[in-house]
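To start, the structure under review is shown below, and the notes come after it.
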Amino acid sequence: MKIAVLSGKGGTGKTLVSVNLAAVAKAASYLDCDVEEPNGHLFFKPTDVEETEVNVKIALVDQELCNGCRKCVEFCKFNALAYVKDRLIIFEDVCHSCGGCMLVCPQQALTEKNKPIGKIQSGRSDRVQVNSGILNTGEATGIPLINKLLEDNKENAADLTLIDCPPGSACIVMESIKDADYCILVAEPTLFGVHNFNMVYELVNLFDKPFGAVLNKCQADDNPAEAFCKKNNIKILARIPFDRELGTLNSNGKIASREWEKYRALFTDLLETVVEEVKA
Amino acid sequence: MKIAIPVNEKNMQTDICESFGRAPYYLIYDTEKDEATFIDNSAATSTGGAGIKAAQVIVDSGAKILLTPRCGEKAANVLMAADIKLFKSIPATAQANIDAYLTNKLDPLDEIHAGFHGHGGN
């Protein structure tokens, strides 16, 4: 069972929820797909860590073979190629690894080379397999890292996988939820939070994913996120209180459900609720 | 010698386009023939890499001088590979910019920005 945890806005509690759900499970894989700023490992502090470099293929030209026909320049929809003074110029950070230039080159002057974009760090934390995607600074897209995380997880998956998604609702989030059986949308009680919550709400509907909401940082006041859920008939799976002590644990890199019975119970209940939702 | 300028309209009184890569047209002015031609910028609607494609258009036009308010890093790489010299245009008409260049009143463009990549300008 694969459960993706997402939220439109950053800082609403995706990592809090996904880390704690993985921590209360009998056995789980935790995939940190927030590859631009992975932080799940700060909580799990995995041991026996192994690293794998992740590469993408980018165009490489043999100037000797190139006859200057420019078919590749015309073909490239990303404009990663230019032909100046009898030389083909390749902009490596514009290349999208599509391989099209190789196909259209009549001279076989174009091949591919590996370009590292980041790494995957894997380790164990108690009963949790912790796999984090770490994108190199300045890279345009972390999608190949997310694909690798999801692919590797197919081979040696625990029964339960928690996918900690990047914030937002763009391609990188779509990639993270594509294999998920269920999506947990984490919402915070602000108007800004609700605006971005609506974006992921539209996304999971578009992808036809079953989903429910976790309301984080709940206080006694009116909760615009709760109002949004009621208006749209979104199932509220759990409410996490605005709690200074939880905040302190979190900011010290502690996993609340491993430290505190109250939160172990809260996340155990949440996990049971989600499992029932998936089976229903 | 040919001078290229990103412009908003196809006439000599046009403003200079603020964006090099996404200008609708380029004015190519041939100083020997005193002849102006306007070419469409096929890169103007590119989703990405507009500067690179636009620079290719300028290279292919045979221009050796480009008068532009600004220019991105990747476009500049292509232009410099073709030995095209960049000068900073002034906020005036295309004709006024050509006159200014021909009387050595324009400064070389030495600020090359890292590109906007969908994040707008300014």
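The values are calculated or read from the model by the stated rules, or taken from the named source; none is laboratory data. All values derive from a computational prediction rather than experimental measurement. Heads up, the Cβs are rebuilt from the backbone with ideal geometry, glycines too, and the neighbour counts pull from every protein chain shown. For accessibility, only protein heavy atoms count, side chains too; no ligands or nucleic acids. Shrake-Rupley method; radii C 1.70, N 1.55, O 1.52, S 1.80 Å.
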Residue check, B:Lys53 against (1) open to solvent by less than 30 Å² (accessible area, probe 1.4 Å); (2) within 14 Å of chain A (Cβ to nearest Cβ), all met but one. Which one?
(1)
Cβ-Cβ under 6 Å, sequence separation 6+ or interchain: first residue in the range A:198-221 and within 18 Å of A:Val274 (Cβ to Cβ), partner open to solvent by less than 30 Å² (accessible area, probe 1.4 Å) and among the charged types (D, E, K, R). Which pairs?
A:Asn216/A:Glu188
Among A:Ala220, A:Ala227, which is modelled with pLDDT under 95 and open to solvent by 50 Å² or more (accessible area, probe 1.4 Å)?
A:Ala220
Here is a list: A:Cys72, A:Cys66, A:Cys95. Which entry is at pLDDT 95 or above, outside any strand (DSSP E or B) and within 14 Å of chain B (Cβ to nearest Cβ)?
A:Cys72
Using the structure shown, decide if B:Gly48 is in contact (Cβ under 8 Å) with a residue 40 or more places away in the chain, within 14 Å of chain A (Cβ to nearest Cβ), touching a Gly at 6+ places or on another chain (Cβ under 7 Å) and not in a helix (DSSP H, G or I).
no
Here is a list of conditions, (1) open to solvent by less than 70 Å² (accessible area, probe 1.4 Å); (2) in contact (Cβ under 8 Å) with a residue 24 or more places away in the chain; (3) not assigned by TED's automatic domain parsing to the domain that holds A:Ser132, and A:Ser18 meets all of them except one; can you say which number that is?
(3)
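Does A:Phe43 fit the bill of being touching a Gly at 6+ places or on another chain (Cβ under 7 Å), closer than 30 Å to B:Ala54 by Cβ and open to solvent by 10 Å² or more (accessible area, probe 1.4 Å)?
Numbers: touching a Gly at 6+ places or on another chain (Cβ under 7 Å): yes; closer than 30 Å to B:Ala54 by Cβ: no; open to solvent by 10 Å² or more (accessible area, probe 1.4 Å): yes.
So A:Phe43 does not fit the description; no.
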How many residues of the range B:16-43 are in contact (Cβ under 8 Å) with a residue 60 or more places away in the chain and surrounded by 15 or more Cβ atoms within 10 Å (Cβ to Cβ)? The answer is 5
Within the range A:108-128, track down each residue that is within 18 Å of A:Ala158 (Cβ to Cβ), over 15 Å from the mean Cα position of the chain (by Cα), in a strand (DSSP E or B) and not basic (Lys, Arg).
A:Ser122, A:Gly123, A:Ser125, A:Val128
Go through (1) closer than 30 Å to A:Ala158 by Cβ; (2) exposed (fewer than 15 other Cβ atoms within 10 Å of the Cβ) one by one and return the number of the condition A:Val56 breaks.
(2)
The number of residues in the range A:75-92 that are within 9 Å of chain B (Cβ to nearest Cβ) and buried (at least 17 other Cβ atoms within 10 Å of the Cβ) is 10
Which one of these does A:Lys115 not meet: (1) away from every other protein chain (no Cβ under 14 Å); (2) of a type in the set (D, E, K, R); (3) open to solvent by 40 Å² or more (accessible area, probe 1.4 Å)?
(3)
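Given the residues A:Asn147, A:Asn131, which is the only one that is in contact with a Leu (Cβ under 8 Å, 6 or more places away or on another chain), within 20 Å of A:Ile172 (Cα to Cα) and either touching a residue at least 24 places away in the same chain (Cβ under 8 Å) or outside any strand (DSSP E or B) (or both)?
A:Asn131
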